[in-house]
Every structure is written in structure tokens, then in C-alpha cells.
Amino acid sequence: MPVIQITMGRTPAEQKKALIERLTADAIEITGIAASEFTVLINELERDNIGRGGRTLTEILGPRA
């Protein structure tokens, strides 16, 4: 059972669905393994849990509206 894992900031459901579909399709094309064998895990992080250049994303981008 291959697992594809992504860690990213909060993302709308429709974008996560598109990621899962495309990552699975690409993995099938590359490996020849059936779609039913793939598991895609999306780990979402809050902006306060992501840092860039010594600052949190909340500091850089502001709080989400």
C-alpha cells in the first residue's frame, strides 16, 4: 500500500480533492500500481506552526479572515 504524504497550510476542500486526484493519477502513471492501492495523507498546519525566515506565517501574512 503506497502512501503519499503532504504537509501544508490550511487548504480548501476542493483544492485537497484536486491534489488527491492528481497525485494519485501521476503515481499510477509512474508506477503502474492500481489507484485502489494508494493512500494520500494531507497534514494541515496552522499559520502559527509554519515559520519562514524566523517569523511565523501569521506574522508574515496576517491571520486568516
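Points to keep in mind about this one:
- Considering segment 1-35, and only residues there that are among the polar types (S, T, N, Q) and part of a helix (DSSP H, G or I), the residue that is nearest to Leu45 (Cα to Cα) turns out to be Gln15.
- Residue pairs meeting the criteria (Cβ under 6 Å; at least 6 apart or on separate chains; first without any contact (Cβ under 8 Å) to a residue 40 or more places away in the chain, in segment 1-24; second part of a helix (DSSP H, G or I) and surrounded by 12 or more Cβ atoms within 10 Å (Cβ to Cβ)): Met1/Glu37; Ile4/Leu23
- Among residues of segment 46-64 that are within 19 Å of Pro12 (Cβ to Cβ), those with a Cβ under 7 angstrom from a residue that is open to solvent by 80 Å² or more (accessible area, probe 1.4 Å) and of a type in the set (Asp, Glu), sequence gap 6+ or separate chain, pair up as Thr58/Asp48.
The values are calculated or read from the model by the stated rules, or taken from the named source; none is laboratory data. Since this is a predicted model, take the numbers as computed values, not measurements. Every residue, glycine among them, receives a Cβ derived from its backbone with ideal geometry; neighbour counts consider all protein chains shown. Accessible surface areas use protein heavy atoms only, side chains included; no ligands, DNA or RNA. Shrake-Rupley method; radii C 1.70, N 1.55, O 1.52, S 1.80 Å.
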